[in-house]
Amino acid sequence: MPNIRALLLASTVLTAVAITPAAPLAAQSGTASDSARADSVASAQALGAVRVTVTRDAARSPFELPFAISTAPLASRPAQRRIGVGDLLFGVPGAQVQDRANPSQDPRVTVRGFGARSAFGVRGVRMVRDGVPLSLPDGQTPLDWLDLETVDRVDVVRGTAAALYGNAAGGVVELRSVAPAATPAAAQLRLWDGGGLQRANVLASGTVAPALGALATPQWLASFTRTRGDGPRTWSRFDASSAFLRLRAVVKGTQLEVQGTHYDAPRAENPGALTAAELARDPRLPDSLNITRRSRKAVTQSQVALIAERAVGAGVIRGSLFTGARTLDNPLPFAIVAVDRRVVGGGVHGAWRTTVLPWPLRLSTGLDAQRQGDDRFNYENCADVAPTVPVSARCPVAGRERGAVRLDQREELSGVGVYARAEVEAPHGVFLSAALRRDQVAFRVRDHFIATGNPDDSGERTLRATSPLAGLTWRLRPTWSWYANVATAFETPTITELTNQESGAAGLNATLEPQRTRTTELGTQALVAGRVRVDAALFRATVLDELVGFDVPGQAGRRAFRNAGRTSRRGVEAGLRAEWTHLSAGASYTWARYRFDQYSVGTTSFAGKPIPGIPAEALQAFATARGGPLWSTLEVSAASRVSANDAATVFASGWAAWTWRTGFAAQSLRGARLGGLRAEPVLSIENLFDRRYAPSVVINATRGRYFEPGLPRRVSLVMKLSYE
């Protein structure tokens, strides 16, 4: 197990070097208020978010808000891979991304442990892009289709935010798209090759001359990405293309935006998890059963969104409408799963500030609504049956991979939430706030596979919750504040978790309940000397009926879910970041104690055992040095050992993995520019010391296959060509 505290000490020393006094930093001048001037200084030093909208309010300074809010240090870590969200969330305390090195499964994203049970996609954490929800009404979020090359900023609410976002908001991740270029046209080409994968991205954008009439400052952005290759493990070939389009304009005082995304991945092979012996022998090995059954997935997904925003007096009104479709063909060892999905939704939000009362008052309110319809089929997987074998009831067509139908049902769900938030600006920098949200999530299944021995398993369930929040912020100085909040949250099972019953029956699991959370939190954040950002938080949460996943015995790869009676979570989060002309550095550290308080399966009690899948300690640190045209970044991620089952009898060892990148900054490299053309080469080495480790585990797995290996050493070459 790595010495996390030693690594923490080393990263702190790195940061201390970065903040050693040298030359004074330039700040904006003028007669702005202390608050605005402080935010301007932070912006000038690129020390993260100084105006955030992730709390569904008008753009605010985080020093005024009663939440643990972090902005990922993207600008301080140049030339990230951007194949997964882990590249974007690096350095955010309390947030962990477990990369499975598996192209058919999304990385597991957790915030304060919420989301750790996820078998695929994201659970327990709401995700938003430019104000449009990426999470489905039941709380699950597929990530494979997101265009990460166009993400410019990531804000994270670390903690319970159900009063703002509703179901499954154990944390919130908001992605902000890069703004179109201010020039008539700009373009860049990014080519990446390493670790068996090749990636190419073309991004073009511009601002055209204002049109006649009411249309002003039209802007556009288009991105196309292609990724293909054999992948880092045996049976991990990947082939995907994505396109993203963004159009913006001001029409009669209203900011309008249209976004469109299309994703097509005809092949993403699934190498599966390993036993401890296989991980020690060769982490590139696959699960042999996954090859026999040709486990993989093919996905297409499209989404179109319309976003509008308009200032109304001292307030703002925002609204969005979106619709999307997803098709999935997913051969797994236990069955072939096919899903055809349609989603439609929208929301409206208003925020106002008034000074007619003795103390200024902020009010905000809104409505969210989504509807999802899935046509789901499960077929027998006959990939292991030779074409010469006589037909059977299980595989009625010789040589055909799809066998007999096992499940045919229509799944419909809808989510509606209304919320309101009020905040009083009291004297002496005190902000008092309260929020309340009411949600209803309805599930409906219509069983179409009715025959002799197959009863009608149609059913309906409606789950409701009221989520309050009370918060206090004390802004002692323009760049130093303390905050506290008390909140509740809830998380329904997803439609997949409700329909994947241990018995194998169709329909909805009538005994699986939503988990409910009560949280208290205390934290502080400060900007020291205009160049060092400090962030610390302590929290405690009690969760009733926590959702726990497990592999169904005798059905490899099929998971079911049950409720634990009560769990408790205690933790400390700390973040430190600094910026200097020639050096950037930062570190984030999380200490967590997550335990089952009341949890029994049959006659076995797991009370006192750690919640599996979540390390007790986690550290991430980075340092980027710049000198002339050359820059170099060193990063480390480390975690303590983690339990892989409820009984805490199986553990994945602690680990530390290093990444090094170096490259040329063309804007300061004479000879690298030809007219408006810039060339920026980058060399990257991930897992520098080729550590064999498992950053992710399959919780309560069968056949001993608990361990999802991390990437082996990967050397990558990147070339970025830009024109403006």
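For Arg410 and Asp384, a Förster radius of 35 Å and the Cβ-Cβ distance give a FRET efficiency of 0.75, rounded to the nearest 0.05. Length gain on complete extension for the stretch Thr542 to Asp152, per 0.36 nm per residue less the alpha carbon to alpha carbon distance? Separation in residues times 0.36 nm, less the Cα-Cα distance, equals 136.9 nm.
Using a/c under 1.5 as the rounded threshold, could you call region 472-579 rounded, prolate or oblate? The axes a ≥ b ≥ c are square roots of the C-alpha gyration tensor eigenvalues, and prolate needs a/b larger than b/c, oblate otherwise. Because a/c hits 1.5 or more and a/b exceeds b/c, region 472-579 counts as prolate. Taken along the Cα-to-beta-carbon direction at a fixed 7 Å, the label points for Val391 and Leu677 span 6.1 nm. May I ask for the Rg/Rh ratio of region 565-724, computed from Cα atoms with Rh as the Kirkwood radius, given to two decimals? Ratio value, two decimals: 1.15. Summing Lys and Arg as +1 and Asp and Glu as -1 over all other residues whose Cβ lies under 10 Å from the Cβ of Trp220 gives a net charge of +2.
Is the shape of region 84-215 rounded, prolate or oblate, going by the alpha carbon gyration tensor and its root eigenvalues a ≥ b ≥ c, with a/c under 1.5 for rounded and a/b larger than b/c for prolate? It comes out oblate by the Cα gyration axes.
May I ask for the angle, rounded to the nearest 10°, between helix 4-18 and the longest principal axis of the chain, with both axes built from Cα atoms and the value confined to 0 to 90°? The answer is roughly 30 degrees. Across all directions, the average projected area of the convex hull around the alpha carbons of region 458-503 is 5.8 nm². Between Arg703 and Leu476, residue separation times 0.36 nm minus the direct Cα-Cα distance comes to 76.1 nm. When the chain is described by a simple charge dipole with +1 on each Lys and Arg Cβ and -1 on each Asp and Glu Cβ, the residue from Thr492, Pro271, Ser684 located farthest towards its positive end is Ser684.
Annotation: average projected area of region 4-723 is 32.4 square nanometres, based on the convex hull of Cα atoms across all directions.
We did not get these values from a lab; they are worked out from the coordinates using the rules stated. Everything numeric in this text was worked out from a predicted model, so none of it was measured. All Cβ positions, even for glycine, are placed from backbone atoms using ideal geometry, and neighbour counts span all protein chains on display.
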